[in-house]
Amino acid sequence: MLQKETKRNAAEGAELDLLSSIYKIQIRNEEKISDADRIFCERQQASLYRSLDEIGRWYGIFAGEAAKYTESHKVTYLANGKVKIHEPYRGYETIRTDYTDFEFKPFDDIDKLAEKNYNAILAFAKSIVAYFNNTYNVSAPYPEIDKEKLPVGFRPLYQSYVDQVIEHLGGRSFRDTAEDELIRRFLHAVSPGRWSKVKPELKKDKIVFPDVISFDSFWTEKNKLHYNYRKELEDLCAGIAFGADNTLHGGTSMIIRFDDDNVDISSPYTLSISNAEEMKFFKNGRIDVKFKDAKKADACFYKLKLDTIELQNDED
């Protein structure tokens with residue numbers, strides 16, 4: 001008897017431990033967002049619900065009007081709230097028996113409201129994810145919502161989209177995730193192409209980046225940055241700002257008096273960050289970044305993992 005009781009207590013204890021561990025995981029996930037984050041999400045959700053209620057009110061009115069055509073037009077409703085109808089065949093009538101085909105029918109408006117319902121929920125989901133991406137400099141993917149199956153009257157919870165953001169972190173903090181993603185984008189921007197024979201190089205108080213950008217060949221009288229390379233320059237600047245000053249908010253705005261429609265290649269630009277001082281552009285797409293001293297340049301080079309870049313070749 002005592003042995004059975006001991007086994008039962010042990011089983012109950014194991015079950016409680018399991019529940020306890022689940023609750024701890026939930027608590028940790030909740031703690032990954034701040035009070036300000038939570039308030040933002042709650043306000044977004046309340047605002048969405050007000051709009052969905054208004055969409056639902058009009059939907060109900062038009063659906064009520066559509067009811068009288070259930071038999072004549074074989075009205076059925078799809079999973080997403082849109083209607084499927086079969087217009088009765090009238091043929092060619094010189095003398096009419098009625099004029100009901102000229103009457104207002106609510107079918108198009110029902111479909112438009114179902115579309116607005118979907119678009120509102122999709123915009124809400126994207127807004128929640130975009131808030132965390134913009135606030136914490138991460139790149140969580142935007143959620144996908146099945147347009148054909150989302151019913152009118154559905155009320156999403158912001159927590160489901162927050163969970164997707166937390167899942168994207170993979171157990172890391174927002175900061176660690178943002179740093180990893182920034183370095184990944186930076187390395188992609190500055191890594192040499194398949195046929196390149198050179199890669200970023202540390203030279204005393206400078207880091208030399210070959211072939212990072214290209215100028216638009218259409219303009220001969222000025223050096224207009226090619227549109228396709230603007231993101232590369234943004235990512236390079238973001239990396240330098242992080243590597244030099246440990247900030248996640250770097251970009252081309254830190255290049256004082258920089259104009260991407262007319263880039264000066266005659267003299268270096270001054271940078272607005274502390275430990276990297278100048279950025280020099282060259283006609284062939286090379287960019288040199290000069291740091292406060294050789295020690296700062298060295299620290300940035302290795303912090304951004306530039307030592308891990310390898311040249312590609314035909315066999316890769």
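The values are calculated or read from the model by the stated rules, or taken from the named source; none is laboratory data. Just so it is clear, the model here is predicted, and its values are computed rather than measured. Don't worry about glycine lacking a Cβ; one is built from the backbone with ideal geometry, like all the others, and counts go over all protein chains shown. When the accessible area is computed, the model is the full protein with side chains, heavy atoms only, and any ligands, DNA or RNA have been set aside. Shrake-Rupley method; radii C 1.70, N 1.55, O 1.52, S 1.80 Å.
Remarks
- Every residue from region 143-161 that is crowded, with 20+ Cβ neighbours inside 10 Å and under 23 Å from the mean Cα position of the chain (by Cα): 156, 158, 161
- Of all residues making up region 162-178, the number that are in contact (Cβ under 8 Å) with a residue 60 or more places away in the chain and open to solvent by less than 40 Å² (accessible area, probe 1.4 Å): 5
- Scanning region 143-172 for residues that are out of contact with any Phe, Trp or Tyr (no Cβ under 9 Å at 6 or more places or on another chain) and part of a loop (DSSP other than H, G, I, E, B) yields 144, 146, 148, 149, 151, 154, 157, 170, 171, 172.
- Matching entry among 130, 114, 140 (being out of contact with any His (no Cβ under 6 Å at 6 or more places or on another chain), open to solvent by less than 60 Å² (accessible area, probe 1.4 Å), at pLDDT 95 or above and closer than 30 Å to residue 182 by Cβ): 130
- Condition check for residue 227: over 28 Å from residue 132 (Cα atoms), out of contact with any Cys (no Cβ under 9 Å at 6 or more places or on another chain) and among the aromatic types (Phe, Trp, Tyr): no
- Of residues in region 93-111 being in contact with a helix residue (DSSP H, G or I) (Cβ under 6 Å, 6 or more places away or on another chain) and not in a loop (DSSP other than H, G, I, E, B), the one most open to solvent (accessible area, probe 1.4 Å): 109
- Taking the numbered list (1) part of a loop (DSSP other than H, G, I, E, B); (2) surrounded by 13 or more Cβ atoms within 10 Å (Cβ to Cβ); (3) of a type outside the set (S, T, N, Q); (4) under 31 Å from the mean Cα position of the chain (by Cα) in turn, residue 299 passes all entries but (1).
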